[in-house]
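Accompanying notes for the structure given below.
The values are calculated or read from the model by the stated rules, or taken from the named source; none is laboratory data. Every value quoted in this text rests on a predicted model; they were computed, and no experiment measured them. Positions of Cβ are backbone-derived with ideal geometry, glycine not excepted, and every protein chain shown enters the neighbour counts.
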Amino acid sequence: MPPIPGSGLAKGLAVTLRTMTRKTVTAQYPEVQPELPPRTRGVIGLFEENCTVCMLCARECPDWCIYIDSHKETVPAAVPGGRERSRNVLDRFAIDFSLCMYCGICIEVCPFDALFWSPEFEYAETDIHELTHERDKLREWMWTVPEPPALDPGAEEPKEIAAARKAAEKAAAAAAAAAAEAQEDQP
C-alpha cells in the first residue's frame with residue numbers, strides 16, 4: 001500500500017507538538033553552577049610542597065606545555081662532620097593551557113603527588129597568552145581538589161597497611177610475652 005501523501009509531515013508536526021508541551025530543562029549556567037561528576041577533569045592544581053623539581057612531568061608531556069625553572073641550593077650538614085647536600089629549588093612552574101590536551105600523563109608520572117586534577121573549569125581568558133598559568137594560580141586551584149574516594153569496605157587491605165599491622169601485632173605479642181615472662185620470674 002503506498003504511503004499517504006503528507007503523512008511524514010504529520011508525524012513531524014506531532015513530534016513538535018509533543019516537545020512544545022514538555023517543560024524545558026535549560027540550565028541557566030552563569031547563575032546556576034552545573035552538578036559535576038566527582039572525578040571531573042577541569043584544570044591541573046600544583047601542591048608545591050611535594051614538588052622536587054624532578055622534571056618528569058615536563059619530559060613526559062606530549063605537548064611540551066609545562067615550563068619548569070629551578071636552581072640548586074646547598075643545604076648545610078645535619079650533623080657535625082657530615083657533608084653538605086644540594087637540593088633543587090623550584091623557581092617557576094607554569095602550564096600553558098592553550099597547548100594542554102588534558103591527557104593527565106603529567107599527573108600519572110609525578111612520583112611525589114604534586115599534581116592533581118581540580119574540577120575547576122572557569123578559567124577562560126580573552127587573550128591566548130594569559131592561558132599560561134604560573135605556580136601561584138596552580139596553587140590556588142589545589143584547594144579545589146576534592147578528597148579521594150573512600151576505599152571499598154569489601155576491598156582487600158592495601159599491602160602497606162597489612163605489613164604495618166602485622167609488624168605492630170608481632171611487636172605487641174613480643175611485649176606481652178616479655179611481660180608474662182617477667183611476671184613468672186617474680187616470687
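Which of (1) part of a loop (DSSP other than H, G, I, E, B); (2) without any contact (Cβ under 8 Å) to a residue 24 or more places away in the chain; (3) within 30 Å of Tyr67 (Cα to Cα) does Ala155 not meet, given it meets every other one?
Single failed check for Ala155: (3).
Among the residues of region 106-129, how many are more than 18 Å from Val53 (Cβ to Cβ), surrounded by 12 or more Cβ atoms within 10 Å (Cβ to Cβ) and either among the small types (Gly, Ala, Ser) or modelled with pLDDT of 95 or more (or both)?
Selection size over region 106-129: 1.
Out of everything in region 30-67 that is assigned to a helix (DSSP H, G or I) and not acidic (Asp, Glu), what residue ends up being modelled with the lowest pLDDT?
Checking each candidate, the answer is Asn50.
Based on this model, can you work out whether Ser86 counts as closer than 23 Å to Arg139 by Cα, of a type outside the set (D, E, K, R) and not in a helix (DSSP H, G or I)?
Spelling it out, it is not the case that Ser86 is closer than 23 Å to Arg139 by Cα, of a type outside the set (D, E, K, R) and not in a helix (DSSP H, G or I).
Given the conditions (1) surrounded by 10 or more Cβ atoms within 10 Å (Cβ to Cβ); (2) more than 30 Å from Val89 (Cβ to Cβ); (3) without any contact (Cβ under 8 Å) to a residue 24 or more places away in the chain, report the number of the one that Gly6 does not fulfil.
For Gly6, the exception is condition (1).
Hey, among Ala58, Ala78, Ala94, which residue is assigned by TED's automatic domain parsing to the domain that holds Ile128, among the aliphatic types (A, V, I, L, M) and over 18 Å from the mean Cα position of the chain (by Cα)?
Ala78
For region 110-139, name all the residues that are part of a helix (DSSP H, G or I) and either touching a residue at least 60 places away in the same chain (Cβ under 8 Å) or not acidic (Asp, Glu) (or both).
Ile128, His129, Leu131, Arg135, Lys137, Leu138, Arg139
How many residues, within region 89-105, are part of a strand (DSSP E or B) and loosely packed, with under 15 Cβ neighbours inside 10 Å?
Residues that pass the stated criteria total 3.
Assigned to a helix (DSSP H, G or I), out of contact with any Gly (no Cβ under 8 Å at 6 or more places or on another chain) and either more than 21 Å from Thr40 (Cβ to Cβ) or in contact (Cβ under 8 Å) with a residue 40 or more places away in the chain (or both), is that true of Ala171?
yes
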